[in-house]
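The values are calculated or read from the model by the stated rules, or taken from the named source; none is laboratory data. The structure displayed is predicted, hence computed values, not measured ones. Quick reminder, even Gly has a Cβ in these numbers, built from the backbone with ideal geometry, and neighbours come from all protein chains shown.
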Amino acid sequence: MTEFWTQGTQLALQGVSIGAIYSLVALGLVLSYKATEVLNFAQGDLVMLSAFLGWWLIADVGLGFWVALPCVVLLAAGASYALEARIMRRIVGQPQFAGVILTIGISFMIRGAVSMVFGPESRTYATPWTDQTLRLGGVAVGELNLVILAAALGVTALLFVFLRRTSLGVAVQAASQNQLAAYLAGVRVKRLNSLVWGISGGIAAVCGLLLAPITLVDLGLSSVLLKALAALVLGGFGSVPGAILGGLLLGLVEQFSGVFLPDGFKDVMPYLVLIAVLVLRPHGLLGDSHGRRV
């Protein structure tokens, strides 16, 4: 019984930490979608690009993790800001499908550029918490897992304070609800949209830097987008609390299915959950149900 409890606790902590990454990626998707009503399919490749930039600065250039972290966050935020300001803004007024196809094309361009510059080989880098463990009540916990949890909580808290307690954050919320009314009230909607995309890019950088030491720096890291989309659907598309809850639940399902279910279920379980939610509860756990007469 004690061994079962210990294993369950370890799996839960690992699942919550990985799920926190899914939640952050999903949170970035929600922010950019609420700002421009475009689902940014390049978000996963920004996560992957950030991981490669972190490896380059830490392992190749020789910078410490704490120096590389703000550098990568600023680079990713600037790239995402420019993406909205210079490219996405040009298709304003076009069908949403155009924005989806454009971000998919940009994601392939990022992936190809990273492959040409860095090569397709997998690699890793050290962090201050690599191979460090703590024992909490007899349960061995990786320090990196705790750091991921703390980072996710910190980013979420900062976003909450920014959106609820600052005038700029209130303007962002107003523009996401009604851009025309916000514009008539004097809000610079275009700049706010670019700012929100920049924040989303910064979140992607944090995810890439923390996820890469666990899963390796690899081109396949961009597939985290699919897990984030599953988390969005599970929690409720467009809901910020839903994105967080969906990511955490998905991480738990993934970890427990990898141990207690046959081989291969760990990789497909998030998508089985996605299909089940679409069939049984299409609006997700915390999403609003909007009926449409056809």
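Which one of these is in contact with a Leu (Cβ under 6 Å, 6 or more places away or on another chain) and in contact (Cβ under 8 Å) with a residue 24 or more places away in the chain: Gly242, Gly198? Working first, answer last.
Working: Gly198 fails: in contact with a Leu (Cβ under 6 Å, 6 or more places away or on another chain).
Matching residue, one of Gly242, Gly198: Gly242.
Ala182 - would you say it is surrounded by 17 or more Cβ atoms within 10 Å (Cβ to Cβ), more than 25 Å from His283 (Cβ to Cβ) and free of Cβ contacts under 8 Å to residues at least 12 places away in the same chain? Steps first, answer last, please.
On the way: surrounded by 17 or more Cβ atoms within 10 Å (Cβ to Cβ): yes; more than 25 Å from His283 (Cβ to Cβ): yes; free of Cβ contacts under 8 Å to residues at least 12 places away in the same chain: yes.
Criteria met by Ala182.
On the basis of being basic (Lys, Arg) and in a helix (DSSP H, G or I), does Arg111 make the cut?
So Arg111 fits the description; yes.
Could you figure out which of (1) farther than 19 Å from Gly28 by Cα; (2) surrounded by fewer than 20 Cβ atoms within 10 Å (Cβ to Cβ); (3) touching a residue at least 12 places away in the same chain (Cβ under 8 Å); (4) in contact with a helix residue (DSSP H, G or I) (Cβ under 9 Å, 6 or more places away or on another chain) isn't true of Gly78?
(1)
Would you check if Ser50 is touching a Gly at 6+ places or on another chain (Cβ under 7 Å), modelled with pLDDT of 90 or more, hydroxyl-bearing (Ser, Thr, Tyr) and farther than 30 Å from Gln7 by Cα?
On the way: touching a Gly at 6+ places or on another chain (Cβ under 7 Å): yes; modelled with pLDDT of 90 or more: yes; hydroxyl-bearing (Ser, Thr, Tyr): yes; farther than 30 Å from Gln7 by Cα: yes.
So Ser50 passes the test.
Please go through the range 83-94 and pick out each residue that is surrounded by 15 or more Cβ atoms within 10 Å (Cβ to Cβ) and in contact (Cβ under 8 Å) with a residue 60 or more places away in the chain.
Those that are surrounded by 15 or more Cβ atoms within 10 Å (Cβ to Cβ) and in contact (Cβ under 8 Å) with a residue 60 or more places away in the chain: Leu83, Glu84, Ala85, Met88.
Name the residue, out of Arg135, Arg164, that is touching a strand residue (DSSP E or B) at 6+ places or on another chain (Cβ under 9 Å) and free of Cβ contacts under 8 Å to residues at least 24 places away in the same chain. Steps first, answer last, please.
Values: Arg164 fails: touching a strand residue (DSSP E or B) at 6+ places or on another chain (Cβ under 9 Å).
Every option except Arg135 fails the conditions.
Considering Gly238, Gly284, which residue is outside any helix (DSSP H, G or I), touching a Ser or Thr at 6+ places or on another chain (Cβ under 9 Å) and at pLDDT below 85? Walk me through it before giving the result.
Details: Gly238 fails: touching a Ser or Thr at 6+ places or on another chain (Cβ under 9 Å).
Residue meeting the stated conditions: Gly284.
Given Pro128, Pro70, Pro120, which one is at pLDDT 90 or above, closer than 22 Å to Leu211 by Cβ and loosely packed, with under 13 Cβ neighbours inside 10 Å?
On the way: Pro128 fails: at pLDDT 90 or above; Pro120 fails: at pLDDT 90 or above.
After ruling out the rest, the residue left standing is Pro70.
For the range 63-96, how many residues meet the condition of being more than 21 Å from the chain's Cα centre (by Cα) and closer than 30 Å to Tyr125 by Cα?
Adding up the residues that qualify gives 3.
Could you please find all residues in the range 194-222 being modelled with pLDDT of 90 or more and among the polar types (S, T, N, Q)?
Ser194, Ser200, Ser222 - these are the residues of the range 194-222 that are modelled with pLDDT of 90 or more and among the polar types (S, T, N, Q).
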